[in-house]
Each structure stands twice: as structure tokens, then as C-alpha cells.
Amino acid sequence: QVQLVESGGGLVQTGGSLRLSCAASGIFFSIAAMAWYRQAPGKRRELVAVITSGGSTNYADSVKGRFTISRDNAKRTVYLQMNSLKPEDTAVYYCNAGVERIVYWGQGTQVTVSS
């Protein structure tokens, strides 16, 4: 059974930092492309950052220079370090795994940035 379990969300003030974690089980983590998405109320889910099995990364323009995605294959975990948070970063953040043409989703973790 595939499970992606996110943690690390919470309430933070503008300019603060949070680190999200996503622990994966039931998949070949080392070959999976891992990503973080987010969905704000009334908006579509959007890609925030992605990291390939080889470690290449890509970011949404809105988070470049502020967020960093990383992975630890030994721990089967992907991280999203979020710095200089803004109120517009408020959303539910979802972990996503793509492996062998199948996509899996976590349950999401709420990030709220107060102004």
C-alpha cells in the first residue's frame, strides 16, 4: 500500500520559515519523481517544486529563491524548506510522487502565513 504522509505545516508570520516533510512508503522511492503542490481556497492546485530521481529541481516562479526542495533516499523522505513566507503562500500543501507512470498523492498539510 502506497502512503505519502506530510508533516510540518502550521501557522507562521510573514517572513518566517517552515520545513515540510513527506515520508513515502510502498513505492520505489529512489526512482520516483517527487513534487510539492499547493491549493489555496477557491484556486486550482498548482505545482510548487519538483525533484527528479537524479536530483534535478524545478520551481514555480512565485517561490524561486525562497523555497528549496530536497530528498533523502535513505529516509524515503522529500522536504520543502520554505523561507521568507508571504500571506499568498497560505494553502494546503500536497506531496506528490510519480513512479512508473503512476501518480500518488498525500493527504495534505495546511500552511497559514499571517500578515
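The values are calculated or read from the model by the stated rules, or taken from the named source; none is laboratory data. Worth saying up front: this structure is predicted, and the values here are computed from it rather than measured. A quick note on method: Cβ atoms are made from the backbone with ideal geometry, for glycine too, and the neighbour counts reach across all protein chains shown. The protein model used for the area step is the full one, side chains on, heavy atoms only, and it has no ligands, DNA or RNA in it. Shrake-Rupley method; radii C 1.70, N 1.55, O 1.52, S 1.80 Å.
Observations, loosely collected:
- Going through (1) modelled with pLDDT under 95; (2) of a type outside the set (Phe, Trp, Tyr); (3) crowded, with 21+ Cβ neighbours inside 10 Å one by one, residue 31 falls short only on (3).
- Pick from the range 36-60, criterion closer than 17 Å to residue 97 by Cβ and assigned to a loop (DSSP other than H, G, I, E, B), ranking: farthest from the chain's Cα centre (by Cα): 54
- Candidates 15, 26 - the one that is open to solvent by 30 Å² or more (accessible area, probe 1.4 Å), in contact with a Ser or Thr (Cβ under 8 Å, 6 or more places away or on another chain) and at positive phi: 15
- Taking strands (runs of 3 or more DSSP E) as the structural unit, those lying wholly within the range 75-115 and holding at least 3 residues that are within 19 Å of residue 65 (Cα to Cα) correspond to 77-82.
- Among (1) over 19 Å from residue 25 (Cβ atoms); (2) touching a residue at least 12 places away in the same chain (Cβ under 8 Å) - the single one residue 54 does not satisfy: (2)
- Any chance residue 88 is out of contact with any strand residue (DSSP E or B) (no Cβ under 9 Å at 6 or more places or on another chain) and open to solvent by 40 Å² or more (accessible area, probe 1.4 Å): no
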